[in-house]
Amino acid sequence: MRFSTCWLSLLLGLVTAGCGSGSFDRGEWVRLLPVNGTEALETGYGQGVSAPFIGHLDPEQRVVVVAGGCNFPETPAAEGGAKRYYDRIYRLDTVTDRWVAAGRLPQPLAYGASISVPGGGVLCAGGTDSTGRPVSDAFRLTDKGIRHVASMPRAVDNCAGAYLDGRCYVAGDRAFLVYDLTTDSWHEGPLWPGGRRRLQPTVTAQAGRIWLFGGYDPADSAGIDGEGYVYDPTTEAWAGVEGPTDGDGEPLLAAGGASVAWGSDSILCLGGVNTPIFEAALARTKALAAEPGNDSLRQAQREYMEREPAWYRFNDRVRIYNTTTGRWTCARSEAPALAGAGAVVLRRGRGSTFSRPGLLLFNGEYKPGIRSPEVWWWR
């Protein structure tokens, strides 16, 4: 059952080159039922999470699974509430449009990389555990349960990943790790030029290469990196590519965004924080660390956390990068502006809602510390 529908003209007639295999000049956004079973409501998962694992259980990309994530289920973050991490796994039933409990992760986790792999299943790598520390664990979610694989060379969180030609690529912070599915082994790949820290970037495999956009350095008040990079596995070399900007030249792919490959030459990017607002918060956090007793800074930080969602100006545009032309185009989305949402392409399900290929957008936060339980489907 669907909650509601709204017709969307994505205004992608502005795209001068076709977006891969499909036309985006008209689409439909559908708000699906949230994860609302008894287990989810009792644990707090039903309130919505950010930074979950998400991917496909089957080779045909028709069975979506989500797992883990985190939120503040009892006391809001603005009031000093504790963040809770989850180990729950849910599968989307495309006949009923409902989420079905499907087991538990080895431990509560969020902020890791999730990568759908051929043959079915989702490689989950790294992440933050319930103590707030990064982990090096890796495992594969399958339709038969969890299969552990070799651990990463080092612990990494706030990362993202993608599959390409037998390997999984994970990037985040100051790490670029490569997993070989055939040998069940990891190795460290070369860092992007400059090696700057990039927490919460987007990573996408498209047109035979790995594309890295967004990310931030928490120690740098001008922490958003607006330039993107592309990695060629055949040469093991990176090259710079232009990132999207707004009318004022500010990076549109900041941190907390999500990306998916579409067709044969396009990358869709959604959500993420606003660059100037987020960089001001980074600067204030850095100043507070140096002056923890500064009352004016503490008051400013409280006020920052208590603003209305619209004030944060999370990105409400779909950004489309065409790997053939090297050009960006942008369009408005009818889904809410979110950070930390899970995104995955679903080729086609069994029910009427999923009778056409589309994009699933799962939960996320609509302001710092406040999650959304909503699930959106664009077809």
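Annotations
- Simple rule: put +1 on each Lys or Arg Cβ and -1 on each Asp or Glu Cβ in segment 170-223, find the dipole, and look at V178, G223, G195; the Cα lying farthest toward the positive end is G223.
- About its Cα centre, the dipole of segment 72-131 is roughly 120 debye, where the only charges are +1 on Lys and Arg Cβ and -1 on Asp and Glu Cβ.
- According to the calculation over all Cα-Cα pairs in segment 37-133, the P(r) per 10 Å bin from zero is 17, 46, 29, 7, 1 %.
- Each of M152, A78, S114 was scored by the projection of its Cα onto the charge dipole of segment 52-193, and the greatest displacement toward the positive side belongs to A78; charges sit on the C-beta of Lys, Arg, Asp and Glu.
- The phi torsions of segment 168-183, fed into the Karplus equation with coefficients 6.51, -1.76 and 1.60 and a -60° offset, translate into couplings of 10, 10, 10, 10, x, 6, 10, 9, 9, 10, 10, 10, 9, 5, 6, 9 Hz, rounded to whole numbers, with Gly and Pro shown as x.
- When the charge dipole of the chain is built from unit charges on Cβ atoms (+1 for Lys and Arg, -1 for Asp and Glu) and taken about the Cα centre, the candidate among N363, V241, P309 whose Cα reaches farthest toward its positive end is N363.
- Within straight-line cross-link reach of K367, aspartates and glutamates at Cα separation under 12 Å, skipping those fewer than 8 residues along the same chain: E306, E308
- The HN-Hα couplings worked out from phi for segment 92-104 by the Karplus form 6.51 cos²θ - 1.76 cosθ + 1.60 (θ = phi - 60°) are 8, 8, 7, 7, 9, 6, 10, 9, 10, 4, 9, x, 9 Hz, whole numbers, x standing for Gly and Pro.
- Sequence-ordered 3J(HN,Hα) estimates for segment 250-267 from the Karplus curve with 6.51, -1.76 and 1.60 and θ = phi - 60° stand at 7, x, 8, 9, 8, 8, x, x, 9, 9, 9, 7, 9, x, 9, 8, 10, 10 Hz, glycine and proline given as x.
- Using the alpha-carbon positions of the chain, Rg (one decimal) and Dmax (whole number) come out as 19.4, 58 Å.
- Theoretical FRET efficiency, 1/(1+(r/R0)^6), r = Cβ-Cβ of E242 and T285, R0 41 Å, to 0.05: 0.90
- Of the trypsin sites (Lys or Arg not before Pro) in segment 133-218, those whose Cβ has at most 10 other Cβ within 10 Å and which sit in DSSP loop: K144
- Cα centre as origin, Lys/Arg/Asp/Glu Cβ charges: the chain dipole, Debye: 780 debye
- Rounded to the nearest 20 debye, the dipole magnitude of segment 223-357 is 740 debye, with +1 charges on Lys and Arg beta carbons, -1 on Asp and Glu beta carbons, and the Cα centre as origin.
- Surface composition of the chain: carbon plus sulfur atoms contribute 47% of the solvent-accessible area (1.4 Å probe, protein chains only, all chains present).
- Over the chain, DSSP H runs of length four or greater, each weighted -39,500 (n - 2.57), average out per residue to a 222 nm ellipticity of -2500 deg cm²/dmol.
- Reducing segment 169-214 and segment 247-314 to their Cα centroids gives an inter-centroid distance of 23 Å.
The values are calculated or read from the model by the stated rules, or taken from the named source; none is laboratory data. Quantities reported herein were computed from a predicted structural model and do not represent experimental measurements. Positions of Cβ are backbone-derived with ideal geometry, glycine not excepted, and every protein chain shown enters the neighbour counts. SASA here: full protein model, heavy atoms, side chains in, ligands and nucleic acids out. Shrake-Rupley method; radii C 1.70, N 1.55, O 1.52, S 1.80 Å.
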